[in-house]
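Written out below as structure tokens is the structure these notes cover.
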Amino acid sequence: MRSLLLTTAALAALSTAACTTEDDGTGGSGADAGAGGESGGPAGGSVTVDATDAETPAAFATTLAALVCQNLTTCCASTPSPLDADRCLFQFRTAFSSQSSRWANAWDPAVGLRCLEEAAAVAAGACLFSDGLDALTTATPACAAAFDLGRGDAAEGEACTTDDDCAPAEGAEVLCEGACVHDPLPVRARAGDACGWTCTEDDRGLECSGSGASESSGQCYTNDGLRCGEAETCEPLGTADARCGSSQDCAAGLHCGDAAACTAQVDVGAPCADLFDEPDAGACRSGRCDATSLTCAPPGAEGEPCERSAACETGLTCGDDDTCKPVEDPLVGFCADLAGR
């Protein structure tokens with residue numbers, strides 16, 4: 001487990017379990033998950049930490065859950081869905097325990113205590129999660145070491161039974177396929193670096209295009225003004241008349257036109273099909289490329305289809321269901337999950 005916090009989707013998967021008084025497999029219930037002598041965890045105030053909280057994996061999972069929920073209590077107090085402390089404690093405690101079964105044979109109380117001490121120092125402060133749910137991982141490097149306890153040390157090519165038998169490898173995802181395999185993680189390439197993809201990062205995530213033919217996992221980001229060129233190296237985005245394969249290859253204000261060359265974006269009412277007669281979101285100077293008429297249409301109102309947030313009216317974003325929706329702070333949805341709503 002490389003991240004201490006779960007995404008909203010992962011957390012939702014845990015919510016099928018009862019979230020108040022059922023046994024979570026660590027010898028207690030969600031309702032009695034206090035730490036350091038504090039009964040009730042975050043509901044009872046600041047969580048204190050001492051050596052007994054890291055003596056066993058179960059104690060560690062309980063205390064770390066209480067620290068996370070202590071800070072989330074602060075975060076969620078300002079949302080329409082104040083935290084349900086019992087639900088929060090149960091879900092994080094269960095997640096930490098179930099995803100770290102290897103601790104049973106390789107627990108180190110000293111490593112666990114360092115993690116808890118770092119977590120306690122930041123959990124009692126301002127909301128950590130305003131800028132993302134992985135904030136505690138960044139703020140507590142000692143906890144990354146705690147979650148690595150029990151991992152095997154098999155090198156690439158050596159025999160293994162599970163992924164956890166293999167030693168971690170920087171810059172790679174480690175998998176067990178009878179033997180340990182290192183699958184290189186995509187890297188954010190710089191100008192001149194080898195590449196296989198051109199990617200764009202926005203509020204909907206990551207969109208990439210390209211052949212991927214290069215053995216390199218390098219990704220050139222249009223956000224950095226780069227594209228993956230024909231020589232499979234990162235190069236500046238195309239200016240007017242430069243060759244292109246998609247509108248991602250072209251600089252701001254341009255799209256990949258009929259002649260496979262970067263040309264000026266067009267206005268509402270003008271054709272916006274790409275080289276393959278599909279809607280080209282990048283062709284329109286404003287608004288969206290209507291999938292039926294293949295012409296640029298005005299920005300979408302709430303409920304109308306979209307392929308990117310820029311295609312929606314001001315104040316709206318392109319939601320997971322590909323329709324324009326009001327912008328919502330992701331923390332609000334996360335707190336709603338933890339409040340059982």
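The values are calculated or read from the model by the stated rules, or taken from the named source; none is laboratory data. This is a predicted model, so every value here is computed, not measured. Counting neighbours? That spans all protein chains shown, and the Cβs are built from the backbone with ideal geometry, glycine included.
Name the strands (runs of 3 or more DSSP E) wholly within the stretch 243-319 that hold at least 3 residues that are touching a helix residue (DSSP H, G or I) at 6+ places or on another chain (Cβ under 9 Å)?
Hits in the stretch 243-319: 254-256, 316-318.
Tell me which residues, restricted to the stretch 241-264, are of a type outside the set (Gly, Ala, Ser) and under 32 Å from the mean Cα position of the chain (by Cα). Outline the logic, then answer.
At the first step, the residues of the stretch 241-264 found to be of a type outside the set (Gly, Ala, Ser) are 241, 243-244, 248-250, 254-256, 258, 262-263.
Hits for the stretch 241-264 are Cys244, Gln248, Asp249, Cys250, Leu254, His255, Cys256.
Select from the stretch 48-78 the residues that are at pLDDT 85 or above and in a loop (DSSP other than H, G, I, E, B) and list them in ascending order.
Residues of the stretch 48-78 at pLDDT 85 or above: 48-77.
Within the stretch 48-78, Thr48, Val49, Asp50, Glu55, Thr56, Ala77 qualify.
Looking at the stretch 52-61, can you tell me whether even one residue there is among the hydroxyl-bearing types (Ser, Thr, Tyr) and touching a Cys at 6+ places or on another chain (Cβ under 9 Å)? Write out each step before concluding.
Applying the first criterion (among the hydroxyl-bearing types (Ser, Thr, Tyr)) to the stretch 52-61 yields 52, 56.
So of that shortlist, the ones also touching a Cys at 6+ places or on another chain (Cβ under 9 Å) come out as none.
There is no residue in the stretch 52-61 that is among the hydroxyl-bearing types (Ser, Thr, Tyr) and touching a Cys at 6+ places or on another chain (Cβ under 9 Å).
I'm trying to understand the selection: among the residues of the stretch 243-282, which are crowded, with 18+ Cβ neighbours inside 10 Å and acidic (Asp, Glu)?
Listed by number, the residues that qualify are Asp249, Asp274, Asp280.
One line per residue, one yes/no per condition, for (1) outside any loop (DSSP other than H, G, I, E, B); (2) over 18 Å from Pro57 (Cα atoms); (3) among the hydroxyl-bearing types (Ser, Thr, Tyr):
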| site | (1), (2), (3) |
| --- | --- |
| Cys88 | yes, yes, no |
| Thr94 | yes, no, yes |
| Ala104 | yes, no, no |
| Trp107 | no, no, no |
| Leu116 | yes, no, no |
| Thr138 | yes, yes, yes |
| Glu170 | no, yes, no |
| Asp183 | yes, yes, no |
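Output the qualifying pairs, or none if there are none: Cβ atoms under 8 angstrom, residues six or more apart or on different chains, first residue in the stretch 149-160 and at positive phi and without any contact (Cβ under 8 Å) to a residue 40 or more places away in the chain, second residue surrounded by 14 or more Cβ atoms within 10 Å (Cβ to Cβ) and not in a loop (DSSP other than H, G, I, E, B).
Within 8 Å, the pairs are Gly157/Ala179; Gly157/Cys180.
Go through the stretch 169-188 residue by residue and tally those that are surrounded by 15 or more Cβ atoms within 10 Å (Cβ to Cβ) and either in contact with a helix residue (DSSP H, G or I) (Cβ under 8 Å, 6 or more places away or on another chain) or closer than 18 Å to Ala251 by Cβ (or both).
The qualifying residues number 4.
Do we find a residue being free of Cβ contacts under 8 Å to residues at least 60 places away in the same chain and either farther than 23 Å from Cys76 by Cα or in the same structural domain as Phe90 (by TED's automatic domain parsing) (or both) anywhere in the stretch 325-340?
no
Please go through the stretch 289-298 and give me each residue that is touching an Asp or Glu at 6+ places or on another chain (Cβ under 8 Å) and free of Cβ contacts under 8 Å to residues at least 24 places away in the same chain, ordered by number.
Result: Cys289, Leu294.
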